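Visitor: For reference, the structure I am asking about is given below.
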Amino acid sequence: MDKEIRDQALTDAANALRVQEQQRKLTSTRLSELAEDLTKLEEINRKNSQNIDDLLQIANEMFVNSGMTLSDLPDNTPLSDDPLFSTNSDGLRGLHIPHYEDLETVEVRNANDWNHYLEHIEDYARKNAINLQEDPFNHLLTSKDKEIIANRIKDDYMLRKANCDKLDYLIATFSGVVAGLVDSFFVGMPGESKLEGWSQDQTDKFVIKVAKMAGNPGKDNGKSEIVNAIKFFEDKYKINYDQPTGKAAGSVFDMSLSNHHIKSLGHAPDLIGLLFSVVSQFQGTSHFLDNGRHIVMDTRTQELTGNNFLAKLFSGIVNWIGHLISDVAGSSSGRDGNPDGRGSGIPIPMFELFQIVGKGEFHVKYSSSSNRYREMTLADLSVKVFEKGYDARFGVTLAVPVVLNELMTRLLWALKSRFIDNLSWKESIPIESDPNLRRVLLTSHGVLCLVDGVDAGIRSGGEILTFALHLNFVAWKRLAFSGLLEVRSLYKEKALDLNAMEKDIEKEWSLIFDDSSIHY
């Protein structure tokens, strides 16, 4: 069931309610008038009844005094001819009989025709001078209603300042230190990590499984299962921006098999990669980053399939995803015949952006056995780090202590809120909109990055490349995100928490529409 309501549909419904409210008021006024007139009529009837009783008493006394009875009256004598029973029409002239005009209604011929009903609503509004261009809720809500809504928004959705105690910060420090030790002893750097083999195996299993789902026959051609799976994706999802070397890209810049996945923007597994991949496929171009430069080359070698724009867009997105899967575990040529080889994977999401910074002077050794140094910019250093195996597979390894820190912090904070702060289970749910939890997460990820930085500094011995290889990019990226949330909360203190408000509104709509068949 479609639970989304457009602004115009909501306004139309509110205008209909406004017209109905106008009709309700008119009906209420008419009922009050009728009640008042009925009260007057009851009073007139009471007085008339009293007068009739008095007249009967007088007539009875007259018969008694004259010695007559009703049987003495002739049968053919009309009572109206007798002065005693004569009536005066002037007595009725003072009685006012009110005239009630018919109340105007909104015609509804077809209960299922909403547009037809709105036409009659607009017609009624024109006849009764109701301005439907005004905000209908300003008329529908009373001052009391507005006050209640304003107070609820203030109490429930106003961003509050964090008020953490010592135990909150102790939880953050404990979680960050534990996760940092896991990062130090089990993650380390590419080629030395105790968890790197696990992440490599998980990546291979993922590629093989997806290949089977996509229809890979898994031919027994003497090659390993992972090589067959990678070759399947390479053949099925070819793209035009997969130049492997600088020579293939026109010799405009230096690029090799070991770094073309990070230099080619279409190979980035994030929104930036998706954007440049689709643009490259539509325009027949290739986009590269090299030492702060954005390089574009013409590669009109293929056309997207599809009869219209949406079909081609879908085809481009599918090609991007399929080609990323073919590269995430290395190329088929790099893995074939080399069971210990890992090939060149794809970069960690957002890691390619370091190539924008073509500045900086970093002294990097040519090799571990050489004392010769080379001056590198931050862009070149990031490429060198990628070439050493710092790719998306190693990113999975890097994410282990980050996820551990996240879960541990949220769990301990929830238990502390429930059993020490004596909050309800609902209030103890570790959602990030809570200002205290947001501050605790920032602190715990800060401690993790502090331990990571100290460990990288000690293990590198002052060598910048080794230092960079030991840094946990995923942890620092999560810290940056937590920092942005905290800065936002400080900047917007006493502002509205729109995310929490939207979630509650969605819940309310769900309750309204669960038993409804109304569609807008």
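Visitor: Would you check if there is a residue in region 190-199 being in contact with a Ser or Thr (Cβ under 7 Å, 6 or more places away or on another chain), hydrophobic (A, V, I, L, M, F, W, C) and farther than 26 Å from D336 by Cβ?
Guide: no
Visitor: Of the residues F253, F232, only one is farther than 26 Å from L304 by Cα and aromatic (F, W, Y); which? Let's see the steps before the verdict.
Guide: Values: F232 fails: farther than 26 Å from L304 by Cα.
Testing whether each residue is farther than 26 Å from L304 by Cα and aromatic (F, W, Y) leaves just F253.
Visitor: Another question, then. Determine which member of the set N436, N422 is at pLDDT 90 or above, under 24 Å from F174 (Cα atoms), assigned to a loop (DSSP other than H, G, I, E, B) and out of contact with any Leu (no Cβ under 6 Å at 6 or more places or on another chain).
Guide: Values: N436 fails: assigned to a loop (DSSP other than H, G, I, E, B).
Step by step, each of N436, N422 is checked, and only N422 is at pLDDT 90 or above, under 24 Å from F174 (Cα atoms), assigned to a loop (DSSP other than H, G, I, E, B) and out of contact with any Leu (no Cβ under 6 Å at 6 or more places or on another chain).
Visitor: As an exercise: evaluate Q283 against (1) surrounded by fewer than 21 Cβ atoms within 10 Å (Cβ to Cβ); (2) in contact (Cβ under 8 Å) with a residue 24 or more places away in the chain and give the number of the one condition it does not meet.
Guide: Q283 satisfies every listed condition except (2).
Visitor: Out of the residues in region 253-266 that are of a type outside the set (K, R) and either farther than 21 Å from L353 by Cβ or in a helix (DSSP H, G or I) (or both), which is modelled with the lowest pLDDT?
Guide: The extreme case among them is L257.
Visitor: Does region 332-343 contain at least one residue that is in a helix (DSSP H, G or I) and either touching a strand residue (DSSP E or B) at 6+ places or on another chain (Cβ under 6 Å) or at pLDDT 90 or above (or both)?
Guide: The answer is no, given that none of the residues of region 332-343 is in a helix (DSSP H, G or I) and either touching a strand residue (DSSP E or B) at 6+ places or on another chain (Cβ under 6 Å) or at pLDDT 90 or above (or both).
Visitor: Kindly indicate whether any position in region 384-396 is free of Cβ contacts under 8 Å to residues at least 60 places away in the same chain and either within 16 Å of L181 (Cα to Cα) or within 31 Å of the chain's Cα centre (by Cα) (or both).
Guide: The first filter runs over region 384-396 and keeps only residues free of Cβ contacts under 8 Å to residues at least 60 places away in the same chain, leaving none.
No, every residue in region 384-396 fails to be free of Cβ contacts under 8 Å to residues at least 60 places away in the same chain and either within 16 Å of L181 (Cα to Cα) or within 31 Å of the chain's Cα centre (by Cα) (or both).
Visitor: Let me ask something else. Assess whether D123 counts as being surrounded by 10 or more Cβ atoms within 10 Å (Cβ to Cβ) and at pLDDT below 75.
Guide: For D123, the condition - surrounded by 10 or more Cβ atoms within 10 Å (Cβ to Cβ) and at pLDDT below 75 - is not met.
Visitor: Within the bounds of region 387-401, is there any residue that is surrounded by 14 or more Cβ atoms within 10 Å (Cβ to Cβ) and at positive phi?
Guide: Checked region 387-401: at least one residue is surrounded by 14 or more Cβ atoms within 10 Å (Cβ to Cβ) and at positive phi.
Visitor: Give the number of residues within region 376-419 that are part of a helix (DSSP H, G or I) and farther than 27 Å from D201 by Cβ. Let's see the steps before the verdict.
Guide: At the first step, the residues of region 376-419 found to be part of a helix (DSSP H, G or I) are 378-387, 392-419.
Remaining after also requiring farther than 27 Å from D201 by Cβ: 378-381, 409-419.
The number of residues fulfilling the criteria is 15.
Visitor: Pairs needed: first member in region 440-464, closer than 26 Å to E361 by Cβ; second member anywhere, modelled with pLDDT of 95 or more and not in a helix (DSSP H, G or I); C-beta distance under 6 Å; at least 6 residues apart or different chains.
Guide: From residues that are closer than 26 Å to E361 by Cβ, the pairs are D452/N472; A456/L471.
Table: residues versus (1) at negative phi; (2) touching a Pro at 6+ places or on another chain (Cβ under 6 Å); (3) surrounded by 14 or more Cβ atoms within 10 Å (Cβ to Cβ).
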| site | (1), (2), (3) |
| --- | --- |
| G191 | no, no, no |
| G197 | yes, no, no |
| K209 | yes, no, no |
| N228 | yes, no, yes |
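Visitor: Further question on the same structure: Would you confirm whether any residue within region 418-428 is under 20 Å from A399 (Cβ atoms) and either surrounded by 19 or more Cβ atoms within 10 Å (Cβ to Cβ) or without any contact (Cβ under 8 Å) to a residue 24 or more places away in the chain (or both)? Can you show your working first?
Guide: Filtering region 418-428 down to residues under 20 Å from A399 (Cβ atoms) leaves none.
Checking region 418-428: not a single residue is under 20 Å from A399 (Cβ atoms) and either surrounded by 19 or more Cβ atoms within 10 Å (Cβ to Cβ) or without any contact (Cβ under 8 Å) to a residue 24 or more places away in the chain (or both).
The values are calculated or read from the model by the stated rules, or taken from the named source; none is laboratory data. As the structure is a prediction and not an experimental result, all values here were calculated from the model. Every residue, glycine among them, receives a Cβ derived from its backbone with ideal geometry; neighbour counts consider all protein chains shown.
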